[in-house]
Amino acid sequence: MSIALKSLRLAALFFLLYLPVASADPVVPPLTGRVVDLADVLTSAAERDLTTELAKVEQKTGTQIVVAILPDLGRYPIEAWGLALGRTWQIGRAGKDDGIVIVLAPKDREIRIEVGYGLEGDIPDAKANQIIQHILVPAFRKGRYATGLEEAIGALEKLIVNPEAQVTEDNPYLGVYVVLLLCAGIAVVLWMAFWAYPKGDDRSPSRNDTNESVPPERDVSTASESDDGDSFWRSSSRRSSWSSSSSSSSRSSRSSFSGRGGSFGGGGASGKW
């Protein structure tokens, strides 16, 4: 047997041995509720609010939506996570396959909306991508995870009820608002320039100004800066207390929740921020 043939067989054997490992699904965590925050980025209050909202969506439409926040993606693409979570947890109703899994990985800055078989017509990949790009990405870039998720859930519910609904509505007055904003900015600049320009002596010659004193004016700018500083430190202290309380306190007990037999086939969209 030639060396080339031996090398080819060894390469084929290595490929066959490595293939099952490379294509294996991620190890899926247990389903502990409608919101599974393994990265600890949500406050307890935010998690409760999202859980309540998701329960309302299921009660109204029958569709199960689960939010999964992962510490990291490991060596798997986020698409593999979305499919594995949806199939393992069986989100959605059996036979209808109308489940949705929102997968968030803050460390990797990736997001995915995994859509069950039964909703691929109502929420096609293009509309799932619109929700990611127009709602989730802008909010996540500002660190507003709870707000972004809440708005995305609302957009998904709108599409479930009415597949023809628009994800984002165009504002017909946007151009007018921009023009008004520019005019207001120009007016402010002119006003500031007027008052900053040094004034000459405009006193009348007939006026007797001997030993006349003018009381000093209050330094409004200094007081304003001081007030702004106080409010900044108060807000920073509040954010710090939120963060510490979120990381130190344990999550509230969750009600029993499980999937209802739904299946997934890879429909949905992914994005990064």
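In table form, for the structure just shown:
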| read-out | value |
| --- | --- |
| Per-residue ³J(HN,Hα) for the range 77-92, Karplus 6.51 cos²θ - 1.76 cosθ + 1.60, θ = phi - 60°, Hz, x for Gly and Pro | x, 5, 5, 5, 5, x, 5, 5, 5, x, 6, 5, 7, 6, 6, x |
| Cα-Cα over 28 Å, subset of Lys60/Lys107; Lys96/Lys127; Lys96/Lys142; Lys107/Lys127; Lys96/Lys158 | Lys60/Lys107; Lys96/Lys142 |
| Amide H within-cut-off set for Gly265, under 5 Å, with H built and near neighbours excluded | Tyr117 |
| Calculated FRET value between Arg48 and Val189, using beta carbons and R₀ = 51 Å, to 0.05 | 0.65 |
| The range 97-113 - phi-based ³J(HN,Hα) in whole Hz, Karplus 6.51/-1.76/1.60, Gly and Pro as x | 6, 10, x, 9, 10, 9, 9, 10, 10, x, 5, 8, 6, 10, 9, 9, 10 |
| Built amide H within the under 5 Å cut-off of Asp108, gap 5+ | Leu73 |
| Cut-off under 5 Å, modelled amide H: who pairs with Gln64 long-range | Gly92, Arg93, Ile100 |
| Separation of the Thr32 and Val137 label points, Cα + 7 Å toward Cβ, nm | 3.1 nm |
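Taken together, the values in this text are just the output of simple stated rules run on the coordinates, not laboratory data. Note that this is a predicted model, so its numbers are computed, not measured. Here the Cβ is made from the backbone with ideal geometry for all residues, glycine too, and neighbour counts use every protein chain on show.
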